[in-house]
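The values are calculated or read from the model by the stated rules, or taken from the named source; none is laboratory data. Remember, it's a predicted structure, so these values are computed and weren't measured experimentally. Reconstructed Cβ throughout: ideal geometry from the backbone, glycine too, with neighbour counts over all protein chains shown.
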Amino acid sequence: MTSKPVIAVVGGGIGGLAAAAFLHRAGLPCTVYEQAKELKEVGAGLVLAPNLARLLRQLGVLEAMTATAVRLDVGWEFRRWQDGTVLSAEDLRESCADLYGEHTYTAHRADLLAALASAVPPSALRLGKRCVSVTDGTLRFEDGERVTADVVIGADGVHSVVRAAFVEAAAPVYSGLCAFRALVPASSAPEPARRPAQTLWIGPGHHLVHYPISAGKLVNVVAFAPAGGYETESWTATASLEEFLAEFEGWDPRLRELIRAGGRPGRWALLDQAPLRRWSHGPVTLLGDAAHPMFPFFGQGAAQSVEDAAVLARCLASGAEPAEALRRYEAVRMPRTTRLQEASHGRAHVNHLPDGPEQRARDAAFAGRDPLRDNGWIYGYDAGSDPG
């Protein structure tokens, strides 16, 4: 294009702000429309793997993140559910940076959101703007305002209004799994949970992950269990502490101590959705969970949203017409995110095996695996410099 396109981003979460930050860095102004009246992230912890840390460094915000993020010494530490026997563990202190040029961190989602917001001009943010429909490049908001853009980026999550406007996708279905989450004061947590380590306790039908965040002051706990009839998909829904403990009856006492220390947990049902066949239609495209919701078992949801943002900005900055740039973006990103969706989907079965021959074979295989190297296709990818 001979002039800069008018770009509208629907959604001011991690993906939407990352898109705005990379577009701004590429010299492409945009406006972010967020339905909330203030920017906030209601989630808890996340992993900043090297592929995400690399992009935060390119945006100039990684240093700010490390003020509260915890640099991991140990990752992929799998423990047996009954007694905490370590099945395998990765030494991340030096090997991660040696392999991929960046360390792995854990952080509170709110800190990542704030870091990304710092890379976006305040004038580019319009809060309290709930998008209710999209027709080609025209957005209509709940307050009656209409906005027309050359490019519309739907970063509005798994229940995306933008996606519904042009993609005939099957509605997300309940996976049969639910997640519990809690933030535990480090002073109340048992010793294994206070270490700079990402630990996964695995057992029949369940698994639980914990790691420190917020400069080590808190321990993030997220656990997965059969959902039964539970179908509430909300970050603000809660469960009782007794319900959470009941799911982990008979597990290692240290794990149950950690659960008790977290008080009343959050609880939400995990949605399942098959990969989309397309993300773009004319001047409209999707990003992040709107395009590729995935189970959290590889800790890549936020990272893939930020990767989307980096590649999309490069494609739009190439000078191609918007529709062509969006087709290129989709072609580059879709194979990678589909692979991660499928890998994450299969992880639940592996983690939740009942005790028996298959479980013993899995545990034996863990001892001979190197997840840090095996997942080099995830961590070694640089979305900011290699769009395909």
All-but-one check, Leu177 against (1) buried (at least 19 other Cβ atoms within 10 Å of the Cβ); (2) modelled with pLDDT under 95; (3) not in a strand (DSSP E or B), failing number (3)
Meets criteria (in contact (Cβ under 8 Å) with a residue 12 or more places away in the chain, surrounded by 23 or more Cβ atoms within 10 Å (Cβ to Cβ) and assigned to a strand (DSSP E or B)) for Val147: no
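Matching residues to (1) within 26 Å of Ala164 (Cα to Cα); (2) basic (Lys, Arg); (3) part of a helix (DSSP H, G or I):
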site	(1), (2), (3)
Ile259	no, no, yes
Gly263	no, no, no
Leu270	yes, no, no
Ala309	yes, no, yes
Ala313	yes, no, yes
Gly319	no, no, no
Val332	yes, no, yes
Arg339	yes, yes, yes
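So is Glu243 closer than 23 Å to Gly45 by Cβ and part of a helix (DSSP H, G or I) or not?
Judged against the criteria, Glu243 is a match.
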For the range 184-209, enumerate the residues that are touching a residue at least 24 places away in the same chain (Cβ under 8 Å), within 23 Å of the chain's Cα centre (by Cα), within 22 Å of Asn351 (Cβ to Cβ) and outside any loop (DSSP other than H, G, I, E, B). Val184, Ala193, Ala197, Gln198, Thr199, Leu200, Trp201, Ile202, His206, His207, Leu208
Residues Ala19, Ala36, Ala89: which one is in a strand (DSSP E or B) and either in contact (Cβ under 8 Å) with a residue 24 or more places away in the chain or within 22 Å of Phe366 (Cα to Cα) (or both)? Ala89
Of the candidates Gly84, Gly43, Gly12, the one satisfying the condition of being in a loop (DSSP other than H, G, I, E, B), crowded, with 24+ Cβ neighbours inside 10 Å and not polar (S, T, N, Q) is Gly12
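Checking the condition at pLDDT below 95, of a type in the set (A, V, I, L, M) and more than 27 Å from Val42 (Cα to Cα), which residue from Ala364, Ala348, Ala331 passes?
Only one candidate qualifies: Ala364.
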Considering residues of the range 15-28 that are farther than 29 Å from His210 by Cα and out of contact with any Ser or Thr (no Cβ under 9 Å at 6 or more places or on another chain) only, the residue surrounded by the most Cβ atoms within 10 Å (Cβ to Cβ): Phe22
How do the pairs read when you match residues in the range 92-104 that are in contact (Cβ under 8 Å) with a residue 40 or more places away in the chain with residues anywhere that are β-branched (Val, Ile, Thr) and part of a loop (DSSP other than H, G, I, E, B), using Cβ under 6 Å and keeping only pairs 6 or more apart or on different chains? Leu92/Thr104; Cys96/Thr104
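Report, by residue number, each residue of the range 46-79 that is in a strand (DSSP E or B) and either out of contact with any helix residue (DSSP H, G or I) (no Cβ under 6 Å at 6 or more places or on another chain) or charged (D, E, K, R) (or both).
Going residue by residue through the range 46-79, those that are in a strand (DSSP E or B) are 46-48, 70-71, 74-79.
Within the range 46-79, Val47, Leu48, Arg71, Val74, Gly75, Glu77, Arg79 meet the criteria.
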So, Ala343, is that one under 25 Å from the mean Cα position of the chain (by Cα), among the small types (Gly, Ala, Ser), part of a helix (DSSP H, G or I) and modelled with pLDDT under 95 or not? yes
Filter result for Arg71 (out of contact with any Leu (no Cβ under 6 Å at 6 or more places or on another chain) and buried (at least 20 other Cβ atoms within 10 Å of the Cβ)): no
Please indicate, with yes or no, whether at least one residue in the range 146-159 is among the polar types (S, T, N, Q) and over 28 Å from Ala227 (Cα atoms). yes
Among the residues of the range 270-278, is any touching a residue at least 12 places away in the same chain (Cβ under 8 Å) and closer than 20 Å to Leu46 by Cβ? yes
